[in-house]
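This report concerns only the one structure given below.
Derivation of every value follows stated rules applied to the coordinates shown; laboratory data play no part. What you see is a predicted model, and the numbers here were worked out from it, not measured in a lab. As a convention, Cβ positions derive from the backbone with ideal geometry for all residues, glycine included, and neighbour counts pool all protein chains shown.
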Amino acid sequence: MKHQVTIKGYHEFDAKELYAIVRHVHLTTDFMSDDFDRKFIGVEAFAKYHQELLSIYGALMLIAMSDSRPVGYLTIEVNTAIRLRHTARLTMGIVEGYRKQGIGRQLLQAALERLKETKAIEILYLMVRADHVAAIHLYQSFHFETLIRLARDTKIGTDYYDGILMRRFI
């Protein structure tokens, strides 16, 4: 089922609202590897991190809106190492109840269009769990290629999962 959304930028939102949606996504899926509450100790830390991230040319944070509510996000984090500034890392999450409705596809399409316009990024990387088949198919449909499968890359409790590093040239 396709769900049409409006795509907006980070600066069109209150940090508290974005903090809530990103935290919700992290807490309602096992496919995120970051410990959100440890990484962002409150709204202020979240806002500061994203303000610094978005101050770098080429960085993005896009928000998918449905019925005036944020239902997904996509972040492009530019590598700051001097010889790697042409590369960036993609992360994305969709609110539970809106997953598998084409929202990730719309976010990814909007991000790639913006990256092509700015020409700041030449290579986009992402990590995905090997058992997250829907996400892998989405990325492959946008011409991401698998670089390597990392055995036992992610550990949840006592269970291990393989990770896949993917890349796309812009």
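Some points to look at:
- Signed unit charges on C-beta, dipole axis of the chain, positive-most listed residue Val22, Leu126, Tyr49: Leu126
- Among Tyr19, Tyr160, Tyr98, the largest mean-square fluctuation in a Gaussian network model of the chain, built with springs joining Cα atoms closer than 10 Å, belongs to Tyr160.
- For region 103-170, the direction-averaged projected area of the alpha-carbon convex hull comes to 5.0 nm².
- Nonlocal Lys pairs with alpha-carbon distance under 24 Å, region 1-134 (8 or more apart, or different chains): 9
- Per-residue ellipticity at 222 nm computed for the chain from its helices equals -9500 deg cm²/dmol, with DSSP H segments shorter than 4 residues left out and the rest contributing -39,500 (n - 2.57).
- Percent of alpha-carbon pairs separated by more than 24 Å within region 1-130: 26
- Paramagnetic label zone (point 7 Å from Cα along Cα-to-C-beta, Glu44; backbone N under 16 Å) in region 1-32: 15-16
- About its Cα centre, the dipole of region 6-122 is roughly 320 debye, where the only charges are +1 on Lys and Arg Cβ and -1 on Asp and Glu Cβ.
- A straight Cα-to-Cα reach below 14 Å connects Lys155 with the aspartates and glutamates Asp30, Asp34, Asp35, Asp131, residues fewer than 8 places away in its own chain not being considered.
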